[in-house]
Amino acid sequence: MTDAVMVTALADGLLAVVIAVPVLVVGGGIAIAARRRGGPADGDGTSGGVAVAERPSTAAPAPPSAAAPTVETPVEAPAPPVPEPEPEPASYRGRLGKARGLLSGYIGSVRARARIDAATWDDLEEALIRADVGVGATDALLDDLRGRVKSGEIGGPDALVDALKGDLVAMLSTGHAALAEVGADRPAPVEGEPARTVDVWLFVGVNGVGKTTTVGKVATRLSGGGTPVLLAAGDTFRAAAGEQLSLWAERSGADVVRGAEGGDPSSVVFDAVQRAASKGTELVLADTAGRLHNKVNLIEELKKIRRVSDRPPGRVTEVLLVLDATTGQNGLAQAKVFLDAVDVSGVVLTKLDGTAKGGIVVAIQRELGLPVKLVGLGEGAGDLIDFDAEAFVDALF
Ligand code: GDP
């Protein structure tokens with residue numbers, strides 16, 4: 001099947017899906033099956049020889065050592081400020097102003113013409129390329145539309161814009177997958193006993209893309225929805241990352257396990273899983289380092305983290321690749337390094353609020369074959385929403 005035919009078929013299929021399935025993704029919570037527990041099934045506050053400071057605690061945290069990561073609630077260390085949540089919940093419409101600003105000029109000029117002509121196709125092509133949809137996807141979209149104009153199915157400029165919207169939604173809905181349900185497919189825990197498995201979500205990606213912030217946002221959201229989480233500060237390379245994560249933990253009411261600066265991130269995640277199991281916490285959110293300057297080390301380190309996280313009682317149920325939308329197509333090249341290292345289950349696309357390159361969502365799904373699961377629309381705790389193809393495309397236009 002050619003790309004053009006596939007796009008048409010998908011657009012047709014999508015209509016049925018849209019009618020049949022009322023989607024409640026924007027502003028909705030992450031789907032969770034986790035049951036709220038009465039309280040931690042904790043014993044003496046120690047875990048595998050690891051010093052534990054219960055939350056909330058006024059005791060000074062035990063000094064971290066390279067060999068033994070610590071569970072702590074550091075509040076004194078200087079750390080980058082964690083922004084307050086925006087008063088208004090983030091929405092595609094409210095936050096995609098830059099991307100919409102780029103497209104609206106072109107779309108307005110297409111609609112203003114009396115008929116579809118050569119300039120119309122030039123406008124559409126330029127709009128899609130400048131929005132970073134990517135050459136391959138742009139060609140596929142335009143080929144499909146040209147064919148439908150030729151066959152008479154699309155009669156004029158307005159119908160052409162509507163058809164483009166439909167094609168984009170269809171492309172973005174292909175292979176869409178929701179986040180893993182916390183605790184899915186495992187036997188119900190016995191009251192008073194430690195959880196038998198602990199789900200682990202790994203967050204991977206280059207430095208600065210927004211991993212730590214995303215872990216904090218997800219923790220806030222899940223904790224607020226009644227699913228306690230434990231944070232693992234696996235970015236031991238950057239001291240500020242651990243401090244930043246501790247602030248997010250404090251805000252969201254989660255515990256955090258940190259290691260010494262430069263320590264082994266795998267042992268941090270391992271201890272976090274042990275700690276979560278002993279407390280009956282069902283989910284560990286693990287931050288990781290993203291130093292690209294030594295690819296071999298990075299890949300080996302990520303492989304090890306993944307291996308260790310999958311050791312019972314741990315099991316990895318999400319590996320989320322965090323990409324910065326403002327880097328556009330360059331982000332795709334970086335992404336491939338991570339795909340070589342770990343089996344990525346989905347993408348978190350951050351900073352969509354600060355870029356006109358909204359089309360990168362299309363390129364990611366098409367070129368990496370990965371679903372975009374979450375989207376960052378700002379720096380605040382509430383500025384993370386589930387990906388919704390229709391709402392996204394609607395806001396772009
Ligand atoms: P990390 O190195 O990958 O852990 O990146 P950080 O989480 O430290 O984030 C780097 C910067 O990006 C911080 O200033 C964050 O506040 C900012 N950031 C993260 N996500 C978003 C987002 O969705 N929108 C905007 N505008 N900024 C973001």
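The values are calculated or read from the model by the stated rules, or taken from the named source; none is laboratory data. In this text, all values refer to a predicted model and were calculated from it rather than measured experimentally. In this analysis, Cβ positions are derived from the backbone assuming ideal geometry, glycine residues included, and neighbour counts consider all displayed protein chains. For accessibility, only protein heavy atoms count, side chains too; no ligands or nucleic acids. Shrake-Rupley method; radii C 1.70, N 1.55, O 1.52, S 1.80 Å.
Points 7 angstrom from Cα along the Cβ direction at A240 and D310: gap in nanometres?
3.4
For a quick size check, give me the Cα extents of the range 247-334 along its three principal axes, largest first, whole Å.
42, 29, 27
Using only C-alpha positions, report the orientation-averaged shadow area of the convex hull of the range 198-344, nm², one decimal.
Answer in nm², one decimal: 7.8.
If I take R0 = 41 Å and measure r between the Cβ atoms of R146 and A178 in this structure, what FRET efficiency does the formula 1/(1 + (r/R0)^6) give, to the nearest 0.05? Before the final figure, lay out each step's value.
On the way: r = 34 Å, r/R0 = 0.83.
Approximately 0.75, to the nearest 0.05.
Compare the Cα positions of G328, F237, G216 along the charge dipole of the range 198-344 (+1 at Cβ of Lys, Arg; -1 at Cβ of Asp, Glu; about the Cα centre) and return the one farthest towards the positive end.
Working it through, the farthest residue towards the positive pole turns out to be G328.
Where a Cα-Cα gap under 23 Å defines reach, which lysines qualify for K304, not counting those fewer than 8 residues away within the same chain?
K211, K295, K336
If you average over every viewing direction, what projected area does the convex hull of the Cα atoms of the range 141-253 give, in nm²?
12.0
Can you tell which of L349, G376, V308 lies farthest toward the positive end of the dipole of the range 288-397, using +1 and -1 charges on the Cβ of basic and acidic side chains (Lys, Arg; Asp, Glu)?
V308
What is the dipole size for the range 259-319, taken about its Cα centre, with +1 at each Lys and Arg Cβ and -1 at each Asp and Glu Cβ, in debye to the nearest 20?
180
At 1.4 Å probe radius, can you tell me the per residue accessible area of the range 198-344 in Å²? All intermediate terms of the calculation are to be shown ahead of the outcome.
Working: 4400 Å² over 147 residues.
Value for the range 198-344: 30 Å² per residue.
Given a Förster radius of 41 Å and the C-beta distance between K295 and S91 as r, what FRET efficiency does 1/(1 + (r/R0)^6) yield to the nearest 0.05?
With a Förster radius of 41 Å, E is 0.65.
Within the set K150/K373; K98/K217; K98/K150, which residue pairs have Cα atoms separated by over 31 Å?
Exceeds cut-off: K150/K373; K98/K150.
About the Cα centre of the range 198-344, what is the dipole size in debye to 20, counting +1 per Lys and Arg Cβ and -1 per Asp and Glu Cβ, all else neutral?
Dipole about the Cα centre, nearest 20: 100 debye.
Which shape class applies to the range 99-175: rounded if a/c is under 1.5, otherwise prolate when a/b exceeds b/c and oblate if not, where a ≥ b ≥ c are the square roots of the Cα gyration tensor eigenvalues?
Since a/c reaches 1.5 but b/c is at least a/b, the shape of the range 99-175 is classed as oblate.
Hey, got the dipole for the range 340-379? About the Cα centre, +1 on K and R Cβ, -1 on D and E Cβ, debye to the nearest 20?
Numbers: 4 positive and 5 negative charges, 32 e Å.
Dipole size: approximately 160 debye.
Could you compute the FRET efficiency for R251 and A114, with r as their C-beta to C-beta distance and R0 at 35 Å, rounded to 0.05?
With a Förster radius of 35 Å, E is 0.05.
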